[in-house]
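The values are calculated or read from the model by the stated rules, or taken from the named source; none is laboratory data. Quick caveat: nothing in here was measured; it's all calculated off a predicted structure. All Cβ positions, even for glycine, are placed from backbone atoms using ideal geometry, and neighbour counts span all protein chains on display. Keep in mind that these areas ignore ligands, DNA and RNA; they rest on the heavy atoms of the full protein, side chains included. Shrake-Rupley method; radii C 1.70, N 1.55, O 1.52, S 1.80 Å.
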Amino acid sequence: MKVSIALATYNGEKYLREQLDSILSQSIQDFELVACDDCSTDSTLKILNEYAEKDFRVKVFTNEKNLGFKKNFEKAIFLCSGDYIALSDQDDIWTENHLQVLLENIGNNDLVGANAFLCDEKAQPTRVDLLSCSKIGFFPNSKDDWFFFLLHSNIFQGAACIFRKSLVQKSIPIPENVKFHDYWLALIASVNGGVTYVNECVLYYRQHGTNVTKNEKWKFWVKIKNAAKKKNSHFIKEQVEILQALLHKDLNLSHQKEVKESIEFYKSLGTFKRFKFLFWYWRNFYKINCCSDKKLKISCFIKNIILGI
């Protein structure tokens, strides 16, 4: 069993050494590190080559032109040869057992995700983790429940995931209108071999001014509320486009129905058409949110459906 680590870099000199050191200090040492640099203008490439000269497992590739965050990750993933592929950002710090925890918990699934500590730019923990930011109360019970949950929410952070190489040909190329590669990978995995999640922190997720995703990515229902207020129509458009792209994949009839209903739900937010989803939203609230808080259910129902705010 061989593991590949896909590392996408761009002007990451400030934190890159810390991340590379944490990767090379893993409890599991049988891996290759595929680093793909996206035309950095600082010393990122120099640092990568320095590590490659010292460790044969580090393989460095450079793009002829800037591809952007998502496409750079795509290229790095394609260059991986391992049976399992882990994704790495350039500015985090992995725990020593990062790979071990993920490999021990993937089971028969296509993808497994784990939790992460939030830390500041100096790598000081904030006593908050990513899972707590999502407000999820429980995990889906089945493969189908995971799929339905992922149509509306995402708790999978790419740098805390590992997936089977077989998922690559099913999910890549990632559609242009899909902003986050990790969300797409989890969606596609959920309709194939399945996904699972382990509530153990496997990295320190650094928050700083140049993060691509930052914390806002996890405040999903804040975006939903703003969308209903017509303050974030762009988010609705993005979500609809993602789900429409999903319809082009090999889905069974049940999954197709759920995707189409979800598309109509998002299109209805902020309009009078939302009232046709009164019972649909109430019936599916717990599956959408994985939260059993009855007060939250009533509050969201009143705000999102009844008042449209």
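Go through (1) within 21 Å of H181 (Cα to Cα); (2) surrounded by 19 or more Cβ atoms within 10 Å (Cβ to Cβ) one by one and return the number of the condition T62 breaks.
So T62 meets the others, but not (2).
Please count how many residues of the range 12-59 are touching a residue at least 40 places away in the same chain (Cβ under 8 Å), assigned to a loop (DSSP other than H, G, I, E, B) and not hydroxyl-bearing (S, T, Y).
3
Please count how many residues of the range 234-253 are small (G, A, S) and open to solvent by 70 Å² or more (accessible area, probe 1.4 Å).
Selection size over the range 234-253: 0.
Identify all residues within the range 24-55 that are open to solvent by 40 Å² or more (accessible area, probe 1.4 Å) and of a type outside the set (G, A, S); write none if there are none.
I28, Q29, D30, C39, T41, D42, L45, K46, N49, E50, E53, K54
Tally up the residues in the range 161-201 that are in contact with a His (Cβ under 8 Å, 6 or more places away or on another chain) and either modelled with pLDDT of 95 or more or within 22 Å of N141 (Cβ to Cβ) (or both), please.
Residues meeting the conditions: 1.
Say whether the condition of being under 22 Å from the mean Cα position of the chain (by Cα) and either basic (K, R) or at positive phi (or both) is met by at least one residue in the range 50-60.
no
Among the residues of the range 147-198, which ones are assigned to a helix (DSSP H, G or I), aliphatic (A, V, I, L, M) and open to solvent by 10 Å² or more (accessible area, probe 1.4 Å)?
The one that is assigned to a helix (DSSP H, G or I), aliphatic (A, V, I, L, M) and open to solvent by 10 Å² or more (accessible area, probe 1.4 Å): V168.
Kindly provide the set of residues from the range 74-113 that are open to solvent by less than 40 Å² (accessible area, probe 1.4 Å) and either at pLDDT below 95 or among the charged types (D, E, K, R) (or both), ordered by number.
Result: E74, D89, D91, D92, D110.
Just checking, which of C119, C161 is under 15 Å from the mean Cα position of the chain (by Cα) and over 17 Å from L251 (Cα atoms)?
After ruling out the rest, the residue left standing is C161.
Could you tell me which residue of the range 74-103 is farthest from Q26 (Cα to Cα), considering only residues that are hydrophobic (A, V, I, L, M, F, W, C) and touching a Leu at 6+ places or on another chain (Cβ under 7 Å)?
Residue satisfying both the conditions and the ranking: A76.
Taking the criterion of being closer than 16 Å to V3 by Cβ, among the hydrophobic types (A, V, I, L, M, F, W, C) and part of a loop (DSSP other than H, G, I, E, B), would at least one residue in the range 117-138 satisfy it?
No, every residue in the range 117-138 fails to be closer than 16 Å to V3 by Cβ, among the hydrophobic types (A, V, I, L, M, F, W, C) and part of a loop (DSSP other than H, G, I, E, B).
Could you pull out the residue among K237, K231, K303, K294 that is at pLDDT below 70 and closer than 30 Å to F69 by Cβ?
K231
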